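Contents: one structure, followed by commentary.
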Amino acid sequence: MQNQPPHHTSALVLFSGGQDSTTCLAQALSRYPRVETLGFDYGQRHSVELQARTVVLRELRERFPAWSERLGEDHMLDLAVLGKVSETSLTRDMAFRMEESGLPNTFVPGRNLLFLTLAAALAYRRGIQVIVTGVCETDFSGYPDCRDDTMKALQVALSLGMDHRFLIDTPLMWIDKAATWRLAEELGQASGVPGGGQALVDLIVEHTHTCYLGDRVHRQDWGYGCGSCPACGLRARGWERYRAVG
């Protein structure tokens, strides 16, 4: 894995407690001497992910000692206002469907824009150079705020607006969910922990949360979830492809 330039010594990971952000966190821990995490409570229906965050952080510390030394403070911001201004199936009790715009109603307008702006403000205060987010333009639902062009524009705007050179790192931008599973395995293998590849995959299966309905009752091969929402569908298909070649 390619190392970052020497001046990139710290990273702030947008960490939801899901598969993607956990993989991004593992990669950051393999690259940067100092890593902090940031989560958001925006009134999401699947608020169980906020509980998953603390469990995943604890498990990472316990199972990967070298990473534990690098893993610093965890931050949580209350963004209830986002839920109040969003009429979406992630912030309201409504069925998942496609809108006339061609986007699914799981799209929360402005979510990633707001997340990254606040992350940059926190990173500025904490003296952190890199902001890591798990957005992806390969296996995604067409969200415009997950696109590479959006991330590049935000990087420029935030760096100019705060007069601080930020790097927005998007490790998953051009890989699908199967490759995300493989990346987690590779990161675990490189961690120095015996059996670390399988250990990290098992941690993601057992403790991360992705299901939009917040289902922690039904245990699938790939983890807990309803098995029918869009997030579960992406995770399940990625798992099947990953296992088929593994």
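Taken together, the values in this text are just the output of simple stated rules run on the coordinates, not laboratory data. It should be emphasised that the depicted structure is a prediction, and the values quoted were computed from it without experimental measurement. Here the Cβ positions follow ideal geometry from the backbone for every residue, glycine too, while neighbour counts run over all protein chains shown.
Suppose the chain between ARG165 and GLN220 were pulled fully straight at 0.36 nm per residue; how much longer would it get relative to their current alpha carbon spacing?
Length gained, ARG165 through GLN220: 15.6 nm.
Using the reciprocal of the averaged 1/r over all distinct C-alpha pairs, how large is the Kirkwood radius of the stretch 10-245 in Å?
Computed over Cα pairs of the stretch 10-245, the Kirkwood hydrodynamic radius comes out at 17.9 Å.
Calculate the length of the line joining the C-alpha centroid of the stretch 33-68 to that of the stretch 149-189, in whole Å.
After rounding, the separation between the Cα centres reads 18 Å.
Provide the gained length on full extension for the span VAL156 to THR138, in nm with one decimal, where the gain is 0.36 nm per separating residue minus the Cα-Cα distance.
Separation in residues times 0.36 nm, less the Cα-Cα distance, equals 4.2 nm.
What list do you get for ASP215, ASP202 if you sort them by fewest beta carbons within 10 Å?
In increasing order of surrounding Cβ atoms, one gets ASP202, ASP215.
Please compute the length gained on full extension between TYR124 and ALA244, using 0.36 nm multiplied by the number of residues separating them and subtracting their Cα-Cα distance.
Extra length from TYR124 to ALA244 when fully extended: 38.9 nm.
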